[in-house]
1. When a/c is below 1.5 the answer is rounded, else prolate if a/b is larger than b/c, else oblate, so apply that to segment 469-559 with a ≥ b ≥ c taken from the square roots of the Cα gyration tensor eigenvalues.
2. Where a ≥ b ≥ c are the square roots of the eigenvalues of the C-alpha gyration tensor, would you call segment 333-499 rounded, which needs a/c under 1.5, or, failing that, prolate if a/b is larger than b/c, or oblate?
3. If each residue of separation counts as 0.36 nm, what is the full-extension length gain between residue 363 and residue 334 once their alpha-carbon separation is subtracted?
4. Counting other C-beta atoms within 10 Å, which of 220, 436 has the fewest, and how do the rest follow?
5. Counting only C-alpha contacts under 8 Å and six or more residues apart, can you give the relative contact order of segment 333-499 as a whole percent?
6. Out of every Cα pair in segment 373-454, what percent are spaced more than 20 Å from each other?
7. For residue 448, what charge total do you get from the other residues with a beta carbon under 15 Å from its beta carbon, if Lys and Arg give +1 and Asp and Glu give -1?
8. Quick one: work out Rg over Rh on the C-alpha atoms of segment 44-104, Rh as Kirkwood radius.
Amino acid sequence: MSEHSKPGFVDTVATAFLRRRLQSRRLRAAAVRGLTGISAGSGGRLQMDFDHSATPFAQVSPWLAAHTSEIEAAPAPPADPLRVPSLSIVVMVVGSRGDVQPFIPIARRLAERHRVRVATHREFRPMVEQAGLEFYPLGGNPHQLMEYIVKTGGSILPTRVDQIWEDVPKKRAMIAEILESTWRACTESDPERPGARPFRADAIVANPPSYGHIHCAEALHIPLHMIFTMPWTATCAFPHPFANIDPGAHRPVESFFSYGIVDLLVWAGIGDLVDAFRTKTLGLPAVALTDGAALLDDHEVPFTYLWPESLVPKPPEWGPHIELANFVQYAQAQAYEPPPALLDFLAAGEAPIYVGFGSVVAEDPAALTRTIFRALGEAGARGVVSRGWAHLGGEAPPPNVYLIDDCPHDWLFPRCRAVCHHGGAGTTAAGLRAGLPTVIVPFFGDQFFWGRIVADAGAGPESIPIRRLDIEHLTAAFDACRRPKIRERATELGALLRASDGAELAARSVERHLPALVMCCSADPRHLAVVYCDTCDVRLCEACGREAHSGHLVHPYRYVDWGGRAPRGLFAELGELMGDAALALQAGLAEFLPSHGSASGDEPSRADRGGPVRKLRRWLTSR
Ligand SMILES: [Zn+2]
Ligand SMILES: [Zn+2]
C-alpha cells in the first residue's frame, strides 16, 4: 500500500490475515526452538519436553495473547449459508471404518444440493454406494494403516529403529499411492464403473490424513474444507492427541506448541513424497519444510470439528474459520436383525454393560478377556462383550456374559446401562448419545483425549490406560457406573447430544464457508461461474458466457488463489526463526529413512550435528 492511498477494505483484511499468519508462524518457530526432547511417552504418544528458560519460551505469553486478539478480530462467516450454485464436491477420507462412517451422513446432506462423491478406501465402496452416494477408490489399506499405527504406539511416525527398516518404506509407498489417488478422485470418473459420468471437483471436503487435499485444491483453484473427529488445530486447552504433555504451569503453552511440532514431524516424514506429487502430478512448485508443515494454518482453511460445544467448548485460539458441529450418528439399527440368543440374554435380567475395544489389536487377548470376565463378575454386572479385532473371548463366557461379533452401536447401546470401550471417537459418541455412563480404556492417540473429556464431563470415571488395566481397577470403574451422579450426568448429556443433528450442522458449516460470492455467475447466481470476461469485468457460467459475450476477452475463471504467497520481506524474520531448527530436524529424520540414501556405518559421528538432530535421534532410538 502506498503512502498516498488510504488502505481500503481489502487491504485491511489482507493485512490482518498476514498479521495472523505472522503470529502463528512465530509461535511455531518458538515451539521448535524451545523443544529439548521428544521421546516415546505413555500410551505410545510423543513425550515432548521444553526448555522453559529459553528466550522464545519467555516471549510466548505476549505472542499468544496477540495471536488470540488477532483471532478475535477476524471476520466471521455469514450465519446463514449464502446460496451457492450446485457444485461437484469430492469428500476425501482416509482411515478406518469408524473414521469414514461420520462422513456418510454429512455427504448425504451435501448431496441434497450438490453432486457428491466420497473418495475413500476400496473396501468401503458398498457402504458408500448403499447410502446412495458416488464412490471413488483411494489408495491405501485401512487395516495396514491401523496395524502400523498400533505398532508405532499411535503415532504416524516410527518409534523404534527396526520399524524404520521394516515398515517405513511400505508406509511411505502407501502414502504416495494415497496422494496419487486423491488427484484422480478430483478429476477422473469412477474407474470401476464403465460409462460413469465424468467428474471434476468444484470443492473438496477432507479429513487431515487424506494428505492430498490442499494440494489438489491449489492445483484446481477450488475451496477446501476440513472435517475431523479429533483436535488438529493448536490450542492451549489440550495437547495434540498424539502428544504427551506433563501437567504443570507450562502445560497450556506446551499444549499449544505440540500441534506445530507434530505438523513438522509429519511433514519431515512425508514432505518429499508430497513435493514429488506436487511437481510431477500437479505441476505445482515444491513447498519448503516450514511452509509445508503450516499449510492448513497459513491459509486459514475452514475446519469443522465433529463434537458439540456442550462437551468440549471451542478454545479462544481458534478463529472464526473453525467451527464445532456435533457428533455424527451413522445409523445402522434399522437394518439390523439381532440373533434370538442376544434378545434372550437381554431379556433375562438387568441391562448389561457393553465392553468392546473396536478395531484395536490387543497384545494378550486371553488375559484381557479373563480380566473383563472377572471384573464383570466382581461388580455383579451382566456384560455384552464384543470380540472385535482384539479377538476377545476364546474361552466359554460365564453365564452373566454374552459374546457378540459385529453389532450396530445405535441398536445395542440403548439396551445397555453402561459402556466400556477404547475411546475411539465414534464409539465414545455412540455411548454418550445413548446417555450411558462411560468407562474408557485408551490404547493410543486421541483415545486418551476422549478419556479425559468423558471424565471431565462427569459422564464416567477416570479412564484406565490399557497398561494399567487390571481386575481391581476395572471392577471399581464398573461400580462407578452405578453412581447416581454419573448416571444423571450421562443421561443429561445424552439428551443434549441427541438434540442437534451433527451431519446437518457440518454440512451447513461447509456451505457457510464456501466463497459463494465469487463462485456465482453474474448473470444468474444459480449458475456456477467458470469463465471471466475481461471485456465486461464479470464472472460467468459457460452458457451465459457463450451467448452474450462472444468476441469478448474470456478466460477460465478460478475461485481461490492458493498460490498467493506473502511478500518476501514480511517472512524474512520468520524464515530465520524457523529455518535452522526445522531443517536440522528434517536432516535428523533423513539420516534414518532408507529412501533418503544410506544411513549405515557412520551414524555416531553424524549425531553431533545440531540439537534437534540429536533430539530426534534420541527419540527414534529410545525404545
Ligand atoms: Zn450463468
Ligand atoms: Zn463480456
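Where a number appears in this text, it was derived from the coordinates with a stated rule and is not lab data. Just so it is clear, the model here is predicted, and its values are computed rather than measured. As a convention, Cβ positions derive from the backbone with ideal geometry for all residues, glycine included, and neighbour counts pool all protein chains shown.
1. On the way: a/c = 7.82, a/b = 4.32, b/c = 1.81.
Judged from the Cα gyration tensor, segment 469-559 comes out prolate (a/c at least 1.5, a/b above b/c).
2. Values: a/c = 1.33, a/b = 1.08, b/c = 1.23.
Taking the square roots of the gyration eigenvalues as a ≥ b ≥ c, segment 333-499 is rounded.
3. Values: separation 29, 0.36 × 29 = 10.44 nm, distance 3.45 nm.
The span from residue 363 to residue 334 would gain 7.0 nm if fully extended.
4. Details: 220 23, 436 28.
Taking fewest neighbouring Cβ atoms as first place, the list is 220, 436.
5. Details: 307 pairs, mean separation 35.4, N = 167.
RCO, segment 333-499: 21 percent.
6. Working: 1133 of 3321 pairs.
For segment 373-454, the share of Cα pairs beyond 20 Å comes to 34 percent.
7. Working: positive: 45, 251, 452, 467, 468; negative: 246, 446, 456, 462.
It works out to a net charge of +1.
8. Working: Rg = 20.6 Å, Rh = 17.4 Å.
Rg/Rh: 1.19.
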